[in-house]
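In what follows, a structure is listed as structure tokens, so that the remarks can point back to it.
The values are calculated or read from the model by the stated rules, or taken from the named source; none is laboratory data. Predicted model, so just to flag it, every value in this text is computed and none were measured. In this analysis, Cβ positions are derived from the backbone assuming ideal geometry, glycine residues included, and neighbour counts consider all displayed protein chains. In case anyone asks, the SASA skips ligands and DNA or RNA and just uses the protein heavy atoms, side chains included. Shrake-Rupley method; radii C 1.70, N 1.55, O 1.52, S 1.80 Å.
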Amino acid sequence: QVQLVESGGGLVQPGGSLRLSCVASGIIFDSYAMAWYRQAPGKQRELVATINTGGTTTYADSVKGRFSISRENAKNAVNLQMNSLKPEDTAVYYCNADRRNIYYVRQLYWGQGTQVTVSS
């Protein structure tokens with residue numbers, strides 16, 4: 001079965017850093033674009049960062065220059081380095097795997113999420 005497991009969340013003061021990791025199993029990892037989403041209480045889930053199969057990255061404007069996404073295909077892992085954290089970054093962060101199969105059917109998987117709290 002497909003499983004995405006996030007880790008690395010926690011409580012950090014404004015200006016601090018955290019590194020999130022997501023390890024996938026049950027998928028051909030190299031064929032998926034990977035992403036991090038986040039969802040704050042009472043708000044919709046939002047896209048934070050993506051990395052495609054070739055290593056090209058994108059970021060939400062709100063995190064550009066502060067966050068960095070990377071993948072380690074040999075470990076079936078995607079990471080999110082978060083620096084200069086702000087209270088507005090507080091959310092549950094979710095790992096996502098996304099591809100189109102040979103029938104162009106979207107295959108999308110989610111992790112359980114890891115809590116990031118930025119507070120003084």
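Details
- Of all the residues in region 111-120, those that are open to solvent by 40 Å² or more (accessible area, probe 1.4 Å) and of a type outside the set (Ser, Thr, Tyr) number 2.
- Some residue of region 52-63 being part of a loop (DSSP other than H, G, I, E, B), open to solvent by less than 10 Å² (accessible area, probe 1.4 Å) and either of a type in the set (Gly, Ala, Ser) or in contact with a helix residue (DSSP H, G or I) (Cβ under 9 Å, 6 or more places away or on another chain) (or both): yes
- Scanning region 83-97 for residues that are within 12 Å of the chain's Cα centre (by Cα) and either within 11 Å of MET34 (Cα to Cα) or surrounded by fewer than 17 Cβ atoms within 10 Å (Cβ to Cβ) (or both) yields TYR94, CYS95, ASN96, ALA97.
One line per residue, one yes/no per condition, for (1) touching a His at 6+ places or on another chain (Cβ under 6 Å); (2) at pLDDT 95 or above; (3) of a type in the set (S, T, N, Q); (4) over 18 Å from GLU46 (Cα atoms):
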| position | (1), (2), (3), (4) |
| --- | --- |
| GLN81 | no, yes, yes, no |
| VAL92 | no, yes, no, no |
| ARG106 | no, yes, no, yes |
| TRP110 | no, yes, no, no |
| THR114 | no, yes, yes, no |
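- Against the test of being part of a strand (DSSP E or B), surrounded by 18 or more Cβ atoms within 10 Å (Cβ to Cβ), within 16 Å of the chain's Cα centre (by Cα) and not hydroxyl-bearing (Ser, Thr, Tyr), the options ARG38, ARG19 yield a single qualifying residue, ARG38.
- Only one of LEU80, LEU108 that is open to solvent by 50 Å² or more (accessible area, probe 1.4 Å) and in a strand (DSSP E or B): LEU108
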